[in-house]
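Note sheet for the following structure.
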């Protein structure tokens, strides 16, 4: 994939700077869910509705591994960011805020 980083280049290779057509492009939540099924997503400059629900944002990292997305978030030190999961949580999952 053009624009991606492979593990043999000395990186984790997971943070796949999204497909070039999607980099720095604001996507709606539905577009994000369609493009990145069952993945953890790091959004820059997320837009939220009146209830605080994410409506759209710029995808800057994605992975099946939550910790990798969290590490990328720390590395990028974005002023405004959100992390979300696009899959279904298992029944016995506890979510801590």
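Here are the numbers for the structure shown:
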item: At R0 = 22 Å, FRET efficiency that the Cβ-Cβ distance of residue 47 and residue 92 yields, to 0.05; result: 0.10
item: Relative exposure of 56, 77, judged by other C-beta atoms within 10 Å (fewest first); result: 77, 56
item: Residue order, fewest to most beta carbons within 10 Å, for 88, 72; result: 88, 72
item: Residue order, fewest to most beta carbons within 10 Å, for 64, 33; result: 64, 33
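No value in this document is a laboratory result; all are computed from the given coordinates. Everything quoted here is computed from the prediction, not taken from an experiment. Please note: Cβ atoms are built from the backbone with ideal geometry, for glycine as well, and neighbour counts cover all protein chains shown.
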